[in-house]
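The values are calculated or read from the model by the stated rules, or taken from the named source; none is laboratory data. Since the model is a prediction, treat every value here as computed from it, not as a measurement. Don't worry about glycine lacking a Cβ; one is built from the backbone with ideal geometry, like all the others, and counts go over all protein chains shown. Ligands, DNA and RNA are stripped out before the accessible areas are found, and what is left, the full protein with its side chains, is counted by its heavy atoms. Shrake-Rupley method; radii C 1.70, N 1.55, O 1.52, S 1.80 Å.
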Amino acid sequence: MRRVRGEVYLALALLNIFVLLAGFVSLDVIEARPLPAPPHPVTNAEGVAAAEPAASTPADPERIADILDDPMSAAGLEDGLTGYVTDPSGTPLFELDPDTAVTPASTTKIATAVTVLDAVGPDHVLTTEAYFDADENRVVLRGGGDATLTADSEAYPQVATLAELAAGTAEALAAEGVDTVSLGYDDSLFTGPETPRGWKPNYVPEGNAAPVTALMIDSGRVAPGASGYGSRSTEPSLHAARAFADQLEEAGVTVEGEPSDATASGEPIASVDSPSMARMVESMMLSSDNIMAEAMGRTAAIAMGEEHTFDGATAATHRVMAELGVEGVTLTDNSGLSTLNRITPRALVDLVRLSADPGHPELNAALTGLPTANSTGTLSRSGRYGEHASTHDGAGLVRGKTGTLNGVSTLAGTVHDQEGNMFVFAFMANSESASGHRLDTLAAALTRCGCS
């Protein structure tokens, strides 16, 4: 495997120290809106984070093995546990079957983030458009793959809204003397099946996912922030079109009948753009949004000339992995819900390191989007690294992407130890006893280490 550049050390250390100091918006905001607010100081790491770490010294692999031995034994995951730890330059410090490919769950999203950032760049936006067919007196809403699109919102930072699109559409129609239309919707940008191989039948009914279409609002949720059974629409394109009809009515345009499937043609009369891809990647990583990840996979596929399908999205991911020299990634989806995905611990570490490589600044959002223990995203849920948890030592010092399925628990990211050393790590458990919190103890153990 091609080595990632050695210059990564300084950039990765600086980026991690910055995010420890800056952090991101609290989880309740993340769940309520698709995108995080601008950085604010971390306020709930309970003083554990080392804002001014000691000078870094070379780490001793034997010390790291010793510090991990007890929590690994206590976790009861010996038969299904793999792991890999390096310093920022890529020097191996701990290896436990690092080239064994296992089910990664949502750590898959690290590969997805790197792929879409590489394919379209961090400044890329997704556009949702409205067209007018004068012959049919019909407005057609065309989806551009923006899963963060919402009906209306005054929250900051702003995402694309159907309210804004409806206002622009109403203005254009008024110029033509039109105040009554029918409504169609075009979700043809994505093709193929709406769910991929490897998804369990309960994912959509239980609200873990929605059918993946090019036109949806709030990642297919029936309402912003909704979760649980029935919280996702089984017809996200129609759900979005109905919401657009409501916004057109609010803007003074009468909509006759039920929205219907249609094909957009000609030039759009109004459009709205998503936030930048970098900001959407950060949001996707923080909240582990499955549908945003799948839409990003399709966006990469479109940019790379692959089919606009699940298979095309994973083909695009595999191509980017090969171009970047990352081995050990085999996917059937881009969110990690698939039980057929396989990734090695070494590949996850390589991807985290690549996201901080000064030679690849376009990939940085895959790093800055990593949740911070006891502060942001999925690492602040359910008391993870909280003040009453045995892992609280890691609060503010562990930053990582989580992954959980039945029998699968994964965690990959960065940690700082007590001497100022920073490590890049991936721990992956595939066993009946694997659960969401089991691997937190391993990352927390590294933060307690005086490992030189």
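Structure above, values below:
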read-out	value
Lys/Arg +1, Asp/Glu -1 at C-beta; the chain dipole; positive extreme among Ser106, Ser276, Ala315	Ser106
Within the chain: Cβ-based charge dipole about Cα centre, in debye rounded to nearest 20 (Lys, Arg +1; Asp, Glu -1)	1180
Mean projected area (nm²) of the alpha-carbon convex hull when segment 255-297 is viewed from all directions	5.2
Computed magnitude of the charge dipole of segment 213-254 (debye, nearest 20; Cβ of K, R +1, Cβ of D, E -1)	200
Rounded to the nearest 10 Å², the accessible area of Leu337 at probe 1.4 Å	10
Estimated translational D of segment 121-254 in µm²/s (Stokes, Kirkwood radius over Cα pairs; 10 °C; 1.306 mPa s)	102
Value at 222 nm in deg cm²/dmol, rounded to 500, when DSSP H runs of n ≥ 4 in the chain each add -39,500 (n - 2.57)	-9500 deg cm²/dmol
Cβ charges +1 (Lys, Arg) and -1 (Asp, Glu), total dipole of segment 177-235, debye	340
In sequence order, calculated HN-Hα J values of segment 163-177 (Karplus, 6.51, -1.76, 1.60; Hz; x Gly/Pro)	4, 5, 5, 5, 4, x, 5, 4, 5, 5, 5, 4, 5, 9, x
Radius 14 Å from Cβ of Ala303, net charge of other residues (Lys, Arg +1; Asp, Glu -1)	-4
Solvent-free Debye scattering, log10 I(q)/I(0), computed from the Cα coordinates of segment 284-348 at q = 0.13, 0.15, 0.17, 0.23 Å⁻¹	-0.32, -0.43, -0.56, -1.01
Given charges at Cβ of Lys, Arg, Asp, Glu: segment 232-382 dipole, positive-most of Ser335, Met292, Leu238	Ser335
Listed residue (Val326, Tyr84, Leu162) projecting farthest to the positive dipole end of the chain, Cβ model	Tyr84
Note, ³J(HN,Hα) from phi for segment 397-407, Karplus 6.51, -1.76, 1.60, rounded to Hz, x at Gly and Pro	9, 9, 10, x, 8, 8, x, 9, 9, 4, x
Span from the segment 358-380 Cα centroid across to the segment 81-154 one, whole angstrom	13
Relative compactness, segment 249-323, computed as alpha-carbon Rg over 2.2 N^0.38 Å	1.49
Whole-Hz ³J(HN,Hα) from phi, Karplus 6.51 cos²θ - 1.76 cosθ + 1.60, for segment 150-155, glycine and proline x	9, 5, 7, 6, 9, 5
Accessible surface ranking that places the most exposed of Glu235, Glu306, Glu154 first, with a 1.4 angstrom probe	Glu154, Glu235, Glu306
Beta bridges by DSSP in the chain, antiparallel share as percent, to the nearest 5	80
